[in-house]
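Remarks on the structure that follows.
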Amino acid sequence: MKPRTLFFIGAIGGCILGIFPGYIIGDSLRDAEERNRSYDDLKASIRQRELLQISDLIEANLKVESRDEGGLFKTKMVYYITGEITNKSIATPVKDIKIQVSYVSGTNSVISSEDVTIYTVVPPYHTTTFKEKISPPDKTESYQYSLRDVKVD
């Protein structure tokens, strides 16, 4: 082989041997930086992503209960919305969860609705129970629920 050919082969081989380890070392340094990020930085990053979809991370299991609180000789029915609120986020506590309760007639028409706010803090990945008084109108046959608003703590 000619010296010129050997020179080019050596130059190309040297470049490859120089670039490949450099690439691997660069990846290793980037991975080390990711691993060395502080807990607070990681938590803030996760929280930013969760804020974009926080309503999707809240689940509610709700029902309406009635109870006679009138005493011995008087009937007074009192209605409560009760249930569980689950926060499925990893790093974002929520509070002041607003639920809309719609009162539905026997013909499936919405008679009226009201907003009920659950004033409690639900930490990430926790479930809390609640019970709030409501005032359904006469002729209410069923109820519909929807999550209206969630504030971030």
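Every number here is computed from the coordinates shown, using simple stated rules; none is lab data. Please read all numbers here as calculations on a predicted model, not as lab measurements. Cβ atoms come from the backbone with ideal geometry, glycine included; neighbour counts cover every protein chain shown.
Just want the ordering: F73, F130, from fewest to most Cβ atoms lying within 10 Å of their own Cβ.
F73, F130
Run the quick spin-label model on E132 and I90: label points 7 Å from Cα toward the beta carbon, then report their separation in nm to one decimal.
3.0 nm
Ordered by packing density, taken as the mean number of other Cβ atoms within 10 Å over each peptide's residues, highest first, how do 80-92, 59-71 rank?
Packing proxy ranking, top to bottom: 80-92, 59-71.
Taking only C-alpha pairs under 8 Å that are 6+ residues apart, what is the relative contact order of the range 95-151 in percent?
With pairs under 8 Å counted, the relative contact order is 52 percent.
How do K139, K133 line up, fewest other C-beta atoms within 10 Å first?
K133, K139
So what's the convex hull volume per residue for the Cα atoms of the range 47-122, in Å³?
Dividing the Cα hull volume of the range 47-122 by its residue count gives 120 Å³.
Would you mind counting up the charge near I118? Only other residues with Cβ under 10 Å from its Cβ, with Lys and Arg at +1 and Asp and Glu at -1.
That sum, taken over residues with Cβ under 10 Å, equals +1.
For V110 and L72, what is the calculated FRET efficiency with R₀ set at 41 Å and r taken between the beta-carbons, to the nearest 0.05?
With R0 = 41 Å, the Cβ-Cβ based efficiency is 0.65.
Take the alpha carbon atoms of the range 75-90, find their center, do the same for the range 96-132, and report the distance between the two centers in whole angstrom.
A separation of 7 Å, based on Cα centres.
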